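Here is the structure we will look at, set down as structure tokens.
Just so you know, all these numbers are worked out from the coordinates, no wet-lab data involved. Keep in mind that what you see is a predicted model, and the values were worked out from it rather than measured. Here the Cβ positions follow ideal geometry from the backbone for every residue, glycine too, while neighbour counts run over all protein chains shown.
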Amino acid sequence: MGHMSLSEHIDAPIDHVWEIVVSCERFPEWNAGVVEMKDCPGRLDRVGARATGVARILGRKIESSQETIKADKPNTFALKVGGAGGFKATGTYTFAEARGGTDLTLEGDFDLPLGFFAGVAEKFLSGTLERNGRHSMENLKALCEATVPAHV
């Protein structure tokens, strides 16, 4: 089992950050591992909402199922993901108002039940997931800060 924990301060209101994170349409804009979302209800902010994420790995498109397992607006949003080769993961986003913006933390756990090669694959995947996670958090910060609604 692999684990990652990432945090980012975003200079945008908590509700704005929440809306972007739970939007299927916006997911590929900031998530470095996702190139497309399919079969999506528009928003993922209700328990049981499902979608299909499409990633490009080593030049191939790989689909994964996603299901929302927790949606407590605007505090916590969690997904479970299942994919090729028995890949399983959970990702929990925790939102907190801080310093005039939002502190966002991502806790992710993943499992690769690939038998003998699992250790090697997990090391490779762990590094890839951590890089994608960091890049995704940077993308999300930039997207949220660039699209903050003007105050009237």
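If you stretched the chain out fully between residue 80 and residue 60, how much longer would it get, using 0.36 nm times the residue separation minus the C-alpha to C-alpha distance? It would help to have the intermediate numbers written out before the result.
Details: separation 20, 0.36 × 20 = 7.20 nm, distance 2.20 nm.
Computed gain between residue 80 and residue 60 is 5.0 nm.
Could you give the alpha-carbon Rg of the stretch 2-146 over 2.2 N^0.38 Å, rounded to two decimals? Each step should come with its number before you reach the end.
Numbers: Rg = 14.8 Å, N = 145, 2.2 N^0.38 = 14.6 Å.
Computed over Cα atoms of the stretch 2-146, the ratio equals 1.01.
When a footprinting reagent is the concern and you count Cβ atoms within 10 Å, what order do 81, 148, 21 take, fewest first? Provide the component values of the computation, followed by the final result.
On the way: 81 17, 148 14, 21 21.
Fewest-to-most Cβ neighbours within 10 Å comes out as 148, 81, 21.
Mind checking the angle between helix 118-146 and the chain's longest principal axis? C-alpha axes, 0 to 90 degrees, to the nearest 10.
20
So, in nm, how far is label residue 50 from label residue 135 when the simple model puts each one 7 Å beyond its Cα toward the Cβ?
That separation, rounded to one decimal, is 2.9 nm.
For each pair in 61/88; 38/61; 88/141; 80/141, compute the distance between the two Cα atoms and list the pairs where it is over 21 Å. Don't skip to the answer; put the middle values down first.
Numbers: 61/88 17 Å; 38/61 13 Å; 88/141 26 Å; 80/141 23 Å.
Cα-Cα > 21 Å for 88/141; 80/141; rest within.
How would you rank 69, 20, going from fewest to most other Cβ atoms within 10 Å of each one's own Cβ? Don't skip to the end; give the middle numbers.
Values: 69 15, 20 18.
Result, fewest neighbours first: 69, 20.
Provide the FRET efficiency to the nearest 0.05 for the residue 103-residue 128 pair, computing r from the beta carbons and using R0 = 22 Å.
Values: r = 25 Å, r/R0 = 1.15.
Efficiency at R0 = 22 Å is approximately 0.30.
Run down the aspartates and glutamates and flag those whose C-alpha is under 18 Å from the C-alpha of residue 70, throwing out any fewer than 8 positions away in its chain.
15, 19, 45, 107, 109
Mean residue ellipticity at 222 nm from the helices of the chain, using -39,500 (n - 2.57) per DSSP H segment of n ≥ 4 over the full residue count, to the nearest 500 deg cm²/dmol?
Computed ellipticity for the chain at 222 nm equals -8500 deg cm²/dmol.
Set the Förster radius R0 to 22 Å, insert the Cβ-Cβ distance between residue 9 and residue 90 as r into 1/(1 + (r/R0)^6), and round the FRET efficiency to 0.05. Don't jump to the answer; show the numbers that get you there.
On the way: r = 23 Å, r/R0 = 1.07.
Using R0 = 22 Å, I get an efficiency of 0.40.
List every residue whose amide H lies under 5 Å from the amide H of residue 36, counting only residues 5 or more places away in sequence or on a different chain, with H placed 1.01 Å from N in the peptide plane.
Close amide H contacts, sequence-distant or interchain: 54.
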